[in-house]
């Protein structure tokens, strides 16, 4: 999966982090967010712009977004697209349902996806393997994945944690779903259809 990565060398990030660290007493919220990002990059962590990645990935042959994002504790990502090329990705069909934790709704401006197929769609959010799954606070994480807007398990996800309030995300893990994981997810999907 192609993502929009923040490309700063570890050496440059370390130098910038030290600069921000030396003035830590008079940093505002924006400065603090920048300092934190430089610190993570200096430690070799990958930072991506998830929402920009979704925008730039564009549409697939089905005229729906190639990438999707959802809270890690949600089974589905629901997409509502508009005729003007915009849309909303959210974790629940009911937009008025309030749930605590990380962002559940991402809005994309008109013109984001020219020619997008208008309507409501859903994709299954990938299963997180135990070695990548956070021990606690899973509702504070998101999954960026190659969306299959059908009832089929996706393949190539990333576990993310948002940094601040913008479009900066720490990559906490990336994996490919195994054939076994995909088969079990497919069986669950088929069982839900029959009931």
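The lone criterion from (1) assigned to a helix (DSSP H, G or I); (2) exposed (fewer than 13 other Cβ atoms within 10 Å of the Cβ) left unmet by residue 36 is number (2).
The condition of being outside any loop (DSSP other than H, G, I, E, B), surrounded by fewer than 20 Cβ atoms within 10 Å (Cβ to Cβ) and modelled with pLDDT of 95 or more holds for residue 52. Filtering 57, 11 for residues that are under 20 Å from residue 109 (Cβ atoms) and modelled with pLDDT of 95 or more leaves a single hit, 57. Test each condition in (1) at pLDDT 95 or above; (2) touching a strand residue (DSSP E or B) at 6+ places or on another chain (Cβ under 9 Å); (3) closer than 19 Å to residue 159 by Cβ for residue 43 and report the one that comes out false. Of the numbered conditions (1) at pLDDT 95 or above; (2) touching a strand residue (DSSP E or B) at 6+ places or on another chain (Cβ under 9 Å); (3) closer than 19 Å to residue 159 by Cβ, the odd one out for residue 43 is (2). Scan the range 132-143 and tell me whether some residue there is closer than 17 Å to residue 67 by Cβ, crowded, with 16+ Cβ neighbours inside 10 Å and touching a helix residue (DSSP H, G or I) at 6+ places or on another chain (Cβ under 9 Å). There is at least one residue in the range 132-143 that is closer than 17 Å to residue 67 by Cβ, crowded, with 16+ Cβ neighbours inside 10 Å and touching a helix residue (DSSP H, G or I) at 6+ places or on another chain (Cβ under 9 Å). Each residue in the range 1-31 was checked for being loosely packed, with under 10 Cβ neighbours inside 10 Å and touching a helix residue (DSSP H, G or I) at 6+ places or on another chain (Cβ under 6 Å), and 0 of them qualify.
The values are calculated or read from the model by the stated rules, or taken from the named source; none is laboratory data. In this text, all values refer to a predicted model and were calculated from it rather than measured experimentally. Ideal geometry is used to build each Cβ from the backbone, glycine not excepted, and the neighbour counts take in all protein chains shown.
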